[in-house]
Amino acid sequence: MKSLFILILVGVPLLFFSQKISAIDGITDYSLGKTGSKPSLLVTIPFAEMNIVEKLLKKELKEFNGKLDDKNNEYFVTLCETKDLGKKQFDVYAKIIKSKDGPLSVCWSIDLGGAYMEKSNHSEQYSFFKKRLEKFAVEAVESSINHQIEIENEILKELVREKEKLVKEQENLQSDIGDLKKKISEKEEEIEKTKGKEETKKIEISIQTTKLKDIEKRKEQIKN
């Protein structure tokens, strides 16, 4: 059931994840860079695996062409730039949040140089980073699910191999049974043949016994 569930998920179009995964506004505490609480974008990533999110997040942040520092699932990138926003540099704060039973979340806070990005004051930048964070989340979901499918497929392949081995063992046992049945049939025929020989021997024994008695009678006759 688990494998089937994952396979169904991976077949869902990208649009599904784009509609369901949406970044929201929040406030996040950071311990790197300028520490403290900052306005942020937060996206929840269902089915995500921590190692995949970490790998993809580092890759995503490096594309801003800044200096990356990371520690304890927090990331701080200085002197970033992207042609989509012109030549003005910015700093990116990012954080992976793990919950005990729920999915992973990723937060971004953007220091635009003098002010932290907020929807009400920086609509262009806000729209760009929101879409980019959501796109990252979709990629993380798909990569995580694909990895889970690889694992489940390997388990499935091993189960199939084990099943094929059992089938082969059954075929070998059936072949052994066939050989044994043939040998039993041959032995039964041999038994019937020996029974016939036994009857012949009984007759020969009877004849020989009679012959022996006749000779013994001769001995008695001589004594008398």
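Readers should treat all values here as calculations from the given coordinates under stated rules, not as data from a laboratory. Please read all numbers here as calculations on a predicted model, not as lab measurements. In this analysis, Cβ positions are derived from the backbone assuming ideal geometry, glycine residues included, and neighbour counts consider all displayed protein chains.
Annotations
- Charge-dipole axis of the chain as Lys and Arg at +1 and Asp and Glu at -1 on Cβ define it, positive-most pick from PHE136, ILE222, LEU180: ILE222
- Simple Cβ-charge dipole of the chain, Lys/Arg +1 and Asp/Glu -1, about Cα centre, in debye nearest 20: 880
- For the chain, calculated [θ]222 nm from helices alone, where every DSSP H run of n ≥ 4 adds -39500 (n - 2.57): -21000 deg cm²/dmol
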